[in-house]
Amino acid sequence: MRTTLTIDDDVAAKLRDEMAKSQRSLKEVVNAFLRRGLRAPRDEDLATPFTVKARPMGLRSGFDLDDIGGLLESLDGVSRR
């Protein structure tokens, strides 16, 4: 397919760099990058929502949440002060 395409200056510079680096024609470089871009997954396909499943954690025996000092001491040891 033959078409006219207006390419931004920054994109044209990168295409020229790739042409020089790969020793390929403009047509080959543009087609290669278009293929790569069209194969790439879209952002909405990648963005799966993260969910946290709540579950009861319970309270470990031997811990009293009303005694914060004792709780910290049992978790960190007496040398935490």
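Please treat every number below as a calculation from the coordinates, not as lab data. Please read these numbers as outputs of a predicted model, since none were measured by experiment. Cβ: placed from backbone, ideal geometry, glycine included. Neighbour counts: every protein chain shown.
Details
- Residue match in segment 47-61 (condition: without any contact (Cβ under 8 Å) to a residue 60 or more places away in the chain and surrounded by 10 or more Cβ atoms within 10 Å (Cβ to Cβ)): no
- Note on segment 66-76: residues that are surrounded by fewer than 10 Cβ atoms within 10 Å (Cβ to Cβ) and part of a loop (DSSP other than H, G, I, E, B) total 1.
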